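The values are calculated or read from the model by the stated rules, or taken from the named source; none is laboratory data. If you're wondering where the values come from, they're calculated on a predicted model, not measured in any experiment. Cβ sites come from the backbone with ideal geometry, for glycine too, and all protein chains shown count toward neighbours. Accessible surface is based on the protein model in full, side chains and every heavy atom, while ligands, DNA and RNA are left aside. Shrake-Rupley method; radii C 1.70, N 1.55, O 1.52, S 1.80 Å.
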Amino acid sequence: MGPPPHILIVDDHAQIRESVARFLEKNGMRTTVARDAVEMDAKLATGHFDLLVLDVMMPGEDGLSVCRRLAPEGDLPIIMLTALGEETDRIVGLEIGADDYLAKPFNPRELLARIKSVLRRSNRDEPVAGSLAGRKVSFAHWILDTDRQVLIDESTTETPLTTSEFKLLAVLLERARMVLSRDQLLDLTAGRTAGPMDRTIDNQISRLRRKIEPDVLRPSVIKTVRNGGYCLAADVEDAP
């Protein structure tokens, strides 16, 4: 059985987003909440989500604008929450890429059913390399061939990566120079939360460093940030 689906709930009404989150968690899903588009963007930048529950009427950037911005990327199903009777919002939402809609007030059981239905329709394997799939990228003194999951050094010597090492490196490369906590890295690579004393990410970082660092005792490519996590401290470019 795979990891539980991770749902991002975006609504400016605290009672709605918290009650929906509790209900979904009781039914075997993981949830993260955001009160507006700004907070949502921050969550999306550092986490992996399987579906977005998005309120239309929010202060700042509204739900329709968010949907119009995210839908072209095509990798995050969206269910819109609309005011009762706002048929125009529902039609526009579907036209610009929302996968489904639900009018407020709604029964949480109906939202759960719609989430499961959308997830079934959109259940497809994502490339392990994420946005780097099919590319060769250069960083530090390495080239990563994402199709073959190998590192190539300046002398063209190849170093194969395990699947877990490759996933972790791809996540770091996609977010170069961004500090990511252990919990964020575990979420992005394995779709789960860390348990007490969970050293999964630390162990994977250690193995990866042995393959890519010039000096494992003084890592310069993957840096440890005290009280923060890890950061890939290199520029990432498409390899020639």
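Descriptive notes on the structure:
- Restricting attention to the range 206-235, the residues being open to solvent by less than 50 Å² (accessible area, probe 1.4 Å), within 22 Å of the chain's Cα centre (by Cα) and closer than 19 Å to V137 by Cβ number 7.
- Residue among P214, P108 that is modelled with pLDDT of 90 or more and not assigned by the TED database to the domain that holds L24: P214
- I143, sole failed condition from (1) modelled with pLDDT of 95 or more; (2) within 26 Å of T200 (Cβ to Cβ): (2)
- Taken over the range 148-183, the criterion of being closer than 21 Å to A45 by Cα, in a helix (DSSP H, G or I) and open to solvent by 50 Å² or more (accessible area, probe 1.4 Å) is satisfied by K167, E174, R182, D183.
- Residue within the range 62-72 that is open to solvent by 30 Å² or more (accessible area, probe 1.4 Å), in contact (Cβ under 8 Å) with a residue 24 or more places away in the chain and in contact with a helix residue (DSSP H, G or I) (Cβ under 6 Å, 6 or more places away or on another chain) present: no
- Residues that are assigned to a loop (DSSP other than H, G, I, E, B) and of a type in the set (D, E, K, R) within the range 184-227 comprise R192, D198, R199, E213, D215, R218, R226, listed in sequence order.
Each row is one residue, and each column tells you yes or no for (1) of a type in the set (S, T, Y); (2) under 14 Å from K211 (Cβ atoms); (3) modelled with pLDDT under 95.
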residue: T162; (1), (2), (3): yes, yes, yes
residue: F166; (1), (2), (3): no, yes, yes
residue: V171; (1), (2), (3): no, no, yes
residue: L188; (1), (2), (3): no, no, yes
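- Inspection of the range 21-39 finds no residue satisfying the criterion of being assigned to a helix (DSSP H, G or I), more than 20 Å from R120 (Cβ to Cβ) and either in the same structural domain as E174 (by the TED database) or at pLDDT below 90 (or both).
- Test for D12: is it open to solvent by 40 Å² or more (accessible area, probe 1.4 Å) and of a type in the set (D, E): yes
- Taken together, the residues in the range 40-52 that are outside any helix (DSSP H, G or I) and either in the same structural domain as D187 (by the TED database) or open to solvent by 30 Å² or more (accessible area, probe 1.4 Å) (or both) amount to 2.
- Taken as a whole, the structure places R120 among residues that are surrounded by fewer than 13 Cβ atoms within 10 Å (Cβ to Cβ) and not polar (S, T, N, Q).
- The residue list I96, I16, I79 contains one member that is out of contact with any helix residue (DSSP H, G or I) (no Cβ under 7 Å at 6 or more places or on another chain) and either closer than 28 Å to V179 by Cβ or aliphatic (A, V, I, L, M) (or both), which is I16.
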